[in-house]
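To start, the structure itself, in structure tokens.
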Amino acid sequence: MEFEGLCTHVGNELKRRFWEHKAMAALSRGRVRMDGWLKVELTAILAQIGEAEPAFKLPKGRAAVRFGDWLVEVASLPTAFVCEGTKAASGDLAEDVKDLRKLIKRLRKGRGRYRAAVFFAVYPFGDMDEAAWASHKVRIERSLGGPLVEDRFSFQGGVTGRLYAGLVQEKAAVEPMAEQGPAATEKRPMGRPRRSSVPVLKKERITLPSQA
């Protein structure tokens with residue numbers, strides 16, 4: 001299976017389960033992380049179409065699921081973005097993004113002959129939150145070495161979010177010189193870092209059931 005097919009299958013199934021699982025409404029309103037639930041659901045989703053091995057051992061740590069020649073990880077990133085009917089945020093999105101980038105780095109170092117991909121949900125997330133999220137997205141894409149595939153989803157109860165998928169490239173993108181410090185600036189010639197290309201997902205949106 002190629003990355004585009006993986007994105008379509010896993011993405012559509014996760015969006016459906018976010019909506020249909022009644023407990024997700026309360027968790028989203030409480031801005032609760034749901035990584036454990038996501039790992040179980042990811043394993044079940046991939047097992048529908050092939051052999052899925054959860055908690056696959058890496059040289060350092062574990063990946064959520066091995067599926068064929070893929071190592072697939074999943075994470076949740078609750079935000080502090082304003083959303084009516086939700087509790088006040090208690091976490092730190094910047095720290096959660098930092099942990100996600102470490103996870104990507106671990107996948108890259110430990111994947112061996114496997115390809116690697118990561119899925120993560122960001123919520124609450126509305127159209128007005130694009131600017132606040134932009135810098136976090138850029139950092140994650142640098143860690144991946146390529147662009148993220150993005151789609152929207154909803155929980156019952158009105159909380160909306162964004163679901164992202166990323167292909168872990170062989171190398172991370174080069175950080176801008178302004179973020180590298182003077183020493184790095186002296187060693188690297190001027191120029192824009194080369195970015196690897198990633199197939200763009202042609203979204204196949206599912207039709208969500210009505211709340212009635």
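Before moving on, here are some points about what is shown:
- The ellipsoid that matches the Cα gyration tensor of the range 3-187 has semi-axes, each √(5λ) in whole angstrom, of 26, 23, 13, with the longest given first.
- Site pair residue 113 and residue 134 shows an inter-label distance of 4.4 nm when each label is modelled 7 Å from Cα along Cα→Cβ.
- Extension reserve of the residue 51-residue 88 stretch, reckoned as 0.36 nm per residue once the Cα distance is removed: 9.3 nm
- Expressed to the nearest 5 percent, the antiparallel share of DSSP beta bridges inside the range 3-187 is 70 percent.
- Full extension of the chain segment joining residue 40 with residue 152 gains 38.2 nm, where the gain is 0.36 nm per residue of separation less the Cα-Cα distance.
- For the range 34-87, the Cα-based Rg and Dmax, in that order, read 14.3, 43 Å.
Every read-out reported here was derived from the displayed coordinates using simple, explicitly stated rules and does not represent laboratory data. The structure presented is a predicted model; accordingly, all values stated were derived computationally and were not measured. Positions of Cβ are generated from backbone atoms using ideal geometry, with glycine treated the same way; all protein chains shown enter the neighbour counts.
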